[in-house]
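Notes for the one structure printed next.
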Amino acid sequence: MNDSFSKFLAAYSDAPQNIKDLIDSEEIGIFVDTLLTNNTPVPPKQKLLVILSNRVLDLLPDSQMISQLEEIGLSQPEKIAQIKNFISLKTAAVTTDNSILESTKTDVANEIAETEAAMEKISPIRTMAGDSKQIGYSSTTEPTYTSTQSAIINETK
């Protein structure tokens, strides 16, 4: 197996779910299509896809990404700025989502602890069955009224 591909697979498997979703989606491909003109040959598009995917997975530092972009003919400062902006937006969103997830976990754990503490303070709910046990009443000592639907209907006639 190619060394760079095995590094890619390792970085992909260790990546947060949001990064995996970005790599699996068409977002990078759509961005490449909007960045490059329609008359750009296919090989630079494929290389750009690989470069961006590697950068999103933190396999490439910015300096190395820029040198690889220059190798495939993307040396225009505005296009490099667009690429950096795209990557920072996508990876910043992932960082924000993860921090929100962590704070939500903490909030939920605190709410569970507060709820359990409040439930311990609540007195037990009284029920008719519980009250009857307390006074020593047993349903077998006294007859209980039973009825059927037909008996009730016949009573009202």
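The values are calculated or read from the model by the stated rules, or taken from the named source; none is laboratory data. Worth saying up front: this structure is predicted, and the values here are computed from it rather than measured. Heads up, the Cβs are rebuilt from the backbone with ideal geometry, glycines too, and the neighbour counts pull from every protein chain shown.
Within region 40-57, the only residue that satisfies the criterion of being at pLDDT below 85 and among the polar types (S, T, N, Q) is Thr40. Got a sec? Which of Leu74, Leu89 is part of a helix (DSSP H, G or I), closer than 30 Å to Lys45 by Cβ and either small (Gly, Ala, Ser) or modelled with pLDDT of 80 or more (or both)? Checking each option against the conditions leaves just Leu89.
To keep it simple, each residue is scored yes or no on (1) more than 29 Å from the chain's Cα centre (by Cα); (2) modelled with pLDDT under 85; (3) exposed (fewer than 13 other Cβ atoms within 10 Å of the Cβ); (4) in a loop (DSSP other than H, G, I, E, B).
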{"site": "Asn38", "(1), (2), (3), (4)": "yes, yes, yes, yes"}
{"site": "Leu59", "(1), (2), (3), (4)": "no, no, no, yes"}
{"site": "Gln64", "(1), (2), (3), (4)": "yes, no, no, no"}
{"site": "Ile80", "(1), (2), (3), (4)": "yes, no, no, no"}
{"site": "Ser99", "(1), (2), (3), (4)": "no, yes, yes, no"}
{"site": "Ser103", "(1), (2), (3), (4)": "no, yes, yes, no"}
{"site": "Met119", "(1), (2), (3), (4)": "yes, yes, yes, no"}
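Scanning region 8-31 for any residue that is out of contact with any Ser or Thr (no Cβ under 9 Å at 6 or more places or on another chain), of a type in the set (Val, Ile, Thr) and either over 17 Å from Thr91 (Cα atoms) or without any contact (Cβ under 8 Å) to a residue 40 or more places away in the chain (or both) turns up at least one such residue. Among residues of region 57-82 that are at negative phi, those with a Cβ under 8 angstrom from a residue that is not in a helix (DSSP H, G or I), sequence gap 6+ or separate chain, pair up as Leu57/Ala15; Gln68/Leu60; Leu69/Ser75; Ile80/Leu74.
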